[in-house]
Amino acid sequence: MSDLFRQSVNTPQPQNQNLRPKPTPIPTQGRSSSEYDDYSSSSDSSASSAASVATVRPSSREHEAPPTHWTNYFEQELFLERTEGEQVGRYHVYLTPPTDLKKGPLFICHHGAGASGMSFAMFAQEIRKKLPEAGILSLEARAHGSTIANATSGESIIDFSLEALVSDAVSMIQLTASNQSWSTIPPTVLIGHSLGGAIMTTLATTHFRIFGPSLIGYCVIDVVEGSALEALSHMKTYLSSRPSIFSSVEDAVTWHVRSRTIRDQRSAEASVPSLLISSPTGNGKLIWKTDLMSTSPWWDQWFQGMSQKFLTGRGAKLLILAGTDRLDKELMIGQMQGKFQLTVIPEAGHFVQEDVPEKTAGLLSEFFRRNDRSQMVLPPKVGDLIKQGKKV
Amino acid sequence: MSDLDKAIAQLRACRPIPEIQVRELCYKARELLIEEGNVVSVDAPVTICGDIHGQFHDLMELFRVGGDVPDTNYLFMGDFVDRGFYSLESFLLLLCLKVRYPDRITLIRGNHESRQITTVYGFYDECLRKYGSANVWRYCCDVFDYLALGALVMGAGHDLAPIDAPFADPSQSNTDADDVEIELLNSQGQILSRFPRNRGGTQDTSQLSNTPSSPSQTKEQTPSRNGAPGTGATSTSGGSANNSGGAVLCVHGGLSPLIDSIDKIRLLDRKQEVPHEGAMCDLLWSDPDEIDGWGLSPRGAGFLFGADIVDCFNRKNDLSLICRAHQLVMEGFKEMFSSTIVTVWSAPNYCYRCGNVAAILELSEDGANAGYAPRSNGDMNRSNGVQSEKEDKRPGPGRRYRVFDAAPQDSRGMPAKKPVADYFL
């Protein structure tokens, strides 16, 4: 468990405002490894009896956080806990609530494998420029910021099946709603990048009831079942070819930008720190927070059947692809039958929302406006015109 | 052999023509297209084709099945480019044919005939690959802006012109050839099936809606308008009983809530990039759907429209049928809403992977009065008495669908398989 988490859950809420942890400064130059402890995902079961929910708000009395700190993109950071049988889920999400719960929209975002909730940091900033009333809830999957552990042994549970990840997402959404005392979930657009796309698509297909009537639609960013399954065989090679250790955050940011993994400096500065933890060898180096190789047994399962689910889920559908259109047969037929909206962004790489945050935000705000049922005015039906005595 | 004929021969062999010739061709095509109205009038007989999407070899198969230009009069409903590997050759060939035989081929605009769409879906990249510069793409896009938005087919016959064709299944050969409304042929020209008019085209591929026709509102009134179908002066062109199939509107996508008469299409300023919204956008983007009234299109542009909208529009404009493309149909064509609208799709095995067949639709000329498109002459609603009492809906023209499969592909010109994405988890 992270220090930040332990500290916050052990702190009785909400009396001790001034004991809240400081915004964690993002180290910018040659910091020592101890400052990265916040990113540690080691578990500590002793905290399980503490308040299940804790909110961290930045305090103005603290020293100013660096420009890439989460407080610059989101209003709140929530630590949420749910115990189910032998399993304790400690969830971490970022939230900016919508200004009007009835109108929304709330964009619920899920990152891809190996990324984090900060993958939507720049997007969150940009969407608020276009839709100042919008809310953003950015979820973090297990081993990506949230932890799922055995209640007695405290050991992390290794289960990256799609069902488990979907049930985590449901828990995070429900816990956030109760934390915020929302009676109903505000009008919602789901956004999933990559693996997150598979999770959000499943939510919209089989778990849409948790949203009541609030689910407006969903957007999948740069993942298509056919091409994803095809590329799986290359993934292990890819993973083994990327650096496994960085000497500093700057180093890691530079690698992400130079390798064009993330094609926007500001986005990389915002998201890359959250991908790293200090190396357990204590040599001051940084390693990846998420061990992607350990998730490989589930890769196929994540994407299988995704196209079918995408086409049949509840609500409006938007698919954003990077580079070229790589639709599989099922989506190609669906697209040419007009079943969903497809937008291809040639200049973007896989991390579309980080590469072109402004454009992504523009697309999503348009998508919401178009499908916002409270604002929708369709031309009258012929039958209604006749009833009104109008000549048609 | 003129330069144009040489260019046609070269393009038929699927070889691009030099950039300078493309420039000249596009210039000539624009001069020709600028003279066309937003809604082109086309006289039957005509063969109507849907999306092509750069599938050059399948376009050749289409010409083999449907007959060559200028022997057959063609109407292509847009989406010539993108997705397939030979958008350039396909579009330039069609354009050459248009310039060479302007009265025998009509091209209208699809949503892919746009700068924005072609930059993303392949045509731009193809031009760049084949010419090393974007000039040819630019010339073509300038032509796109001049393509008509729709076509009105006049003088289509109620009865199909008889053809001398064998049945694919000889046991059916005693099927009555009289009063056939729909005839289905395979790519060998064999008849697959016939549907007589009294059965109203209740075939498998037709999706007939049960929507009752909306209450007739003009039957007893004196018609206030009086002219050719599809004009503001329209009342009915049913003139001579039992002859006309009525006028057929062809458009790439469908209807628009901003367009209640064909004259309103004529008033649009079409010489521009396809806008993101508005009437012109809707005509190229909308889809019919099993809904009541109008709906939001899942495509993010245009609308969905129901049977009531089609019925109302067809009555008001004196149309017997709307013919459109834009949506992939696995069977090549699909009639909807009691055969008041049909989707025709002409790209077999779309994008080399969808496994669908393609179709073209032939409308015969009206044999009863030598192809003369009947105009009302004050003798209103005469046909109404002849046809069914309960429906004052115009009977559709006889429709002959030729269904065909993808041509064998050669792999020349196919771009190397795209490298798979580095990272996608």
Query raised in the report: Just to be sure, is A:S294 of a type in the set (S, T, Y), away from every other protein chain (no Cβ under 12 Å) and in contact with an Asp or Glu (Cβ under 8 Å, 6 or more places away or on another chain)?
Result: no
Requested in this report: Name the single residue, out of those in region B:285-294 being more than 7 Å from chain A (Cβ to nearest Cβ) and open to solvent by less than 10 Å² (accessible area, probe 1.4 Å), that is nearest to B:E362 (Cα to Cα).
Outcome: B:P288
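Could you look through region A:357-387, keep only residues that are hydroxyl-bearing (S, T, Y) and in a helix (DSSP H, G or I), and pick out the one that is farthest from the other protein chains (Cβ to nearest Cβ)?
Within region A:357-387, the match that is farthest from the other protein chains (Cβ to nearest Cβ) is A:T360.
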Report task. Could you please let me know if B:S320 is over 20 Å from B:L185 (Cα atoms), away from chain A (no Cβ under 13 Å) and open to solvent by less than 10 Å² (accessible area, probe 1.4 Å)? Result -> yes
Report summary line: Exception for A:F310 within (1) more than 24 Å from B:L284 (Cα to Cα); (2) more than 10 Å from chain B (Cβ to nearest Cβ); (3) within 17 Å of the chain's Cα centre (by Cα); (4) among the hydrophobic types (A, V, I, L, M, F, W, C) falls at (3)
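When you scan region B:275-295, how many residues do you find that are assigned to a strand (DSSP E or B) and touching a helix residue (DSSP H, G or I) at 6+ places or on another chain (Cβ under 7 Å)?
So the answer is 2.
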Query - Pairs with Cβ under 8 Å, 6+ apart, first in region A:225-248 and under 26 Å from A:D328 (Cβ atoms) and facing another protein chain (nearest Cβ under 9 Å), second assigned to a helix (DSSP H, G or I) and aliphatic (A, V, I, L, M) - result: A:A228/A:M306; A:L239/A:L292; A:L239/A:M293
Query raised in the report: Does at least one position in region B:307-316 carry a residue that is in a loop (DSSP other than H, G, I, E, B) and at pLDDT 95 or above?
Result: no
Report summary line: All conditions in (1) open to solvent by 40 Å² or more (accessible area, probe 1.4 Å); (2) free of Cβ contacts under 8 Å to residues at least 12 places away in the same chain are true of A:R326 except (2)
Report task. Check A:S248, A:S279, A:S194, A:S274 and return the single one that is touching a Pro at 6+ places or on another chain (Cβ under 9 Å) and crowded, with 16+ Cβ neighbours inside 10 Å. Result -> A:S248
**Report entry** Test: A:V189 is among the aliphatic types (A, V, I, L, M), under 17 Å from the mean Cα position of the chain (by Cα), modelled with pLDDT of 95 or more and closer than 22 Å to A:K103 by Cβ
**Finding:** yes
Requested in this report: Just name the residue that is nearest to B:A29 (Cα to Cα) out of those in region B:95-121 that are open to solvent by 20 Å² or more (accessible area, probe 1.4 Å) and part of a loop (DSSP other than H, G, I, E, B).
Outcome: B:P102
Requested in this report: Kindly indicate whether B:K271 is away from chain A (no Cβ under 14 Å), farther than 24 Å from A:K390 by Cα and in contact (Cβ under 8 Å) with a residue 24 or more places away in the chain.
Outcome: yes
**Report entry** Cβ-Cβ under 8 Å pairs, at least 6 apart or on other chains, region B:150-162 side closer than 28 Å to B:S286 by Cα, far side among the aromatic types (F, W, Y)
**Finding:** B:G155/B:Y372
Report summary line: Selection from region A:363-376 of residues modelled with pLDDT under 80 and either buried (at least 16 other Cβ atoms within 10 Å of the Cβ) or farther than 15 Å from A:G315 by Cα (or both) yields A:Q375
Query raised in the report: Do we have A:K339 as away from every other protein chain (no Cβ under 11 Å), surrounded by fewer than 23 Cβ atoms within 10 Å (Cβ to Cβ) and in contact with a strand residue (DSSP E or B) (Cβ under 8 Å, 6 or more places away or on another chain) here?
Result: no
Query - Entirely in region A:83-200, the strands (runs of 3 or more DSSP E) that have 1 or more residues that are aromatic (F, W, Y) - result: A:87-96, A:106-110
Requested in this report: Specify which of the listed residues (B:G278, B:G302) is of a type outside the set (A, V, I, L, M, F, W, C), crowded, with 23+ Cβ neighbours inside 10 Å and at pLDDT 95 or above.
Outcome: B:G302
**Report entry** Cross-chain or 6+ apart pairs with Cβ under 7 Å, region B:335-354 first and assigned to a strand (DSSP E or B), then among the aromatic types (F, W, Y)
**Finding:** B:V342/B:F333; B:T343/B:F333; B:V344/B:F333; B:W345/B:F333
Query - All positions within region B:123-139 that are open to solvent by less than 20 Å² (accessible area, probe 1.4 Å) and touching a residue at least 24 places away in the same chain (Cβ under 8 Å) - result: B:F123, B:E126, B:C127, B:V136
Report summary line: Among residues of region A:95-114 being farther than 18 Å from A:L78 by Cα and out of contact with any Gly (no Cβ under 8 Å at 6 or more places or on another chain), the residue most open to solvent (accessible area, probe 1.4 Å) is A:K102
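The values are calculated or read from the model by the stated rules, or taken from the named source; none is laboratory data. Not measured: the values here are computed from a predicted model. Virtual Cβ from ideal backbone geometry, glycine too; neighbours counted across all protein chains shown. Heads up: the accessible areas ignore ligands, DNA and RNA and are worked out on the full protein's heavy atoms, side chains in. Shrake-Rupley method; radii C 1.70, N 1.55, O 1.52, S 1.80 Å.
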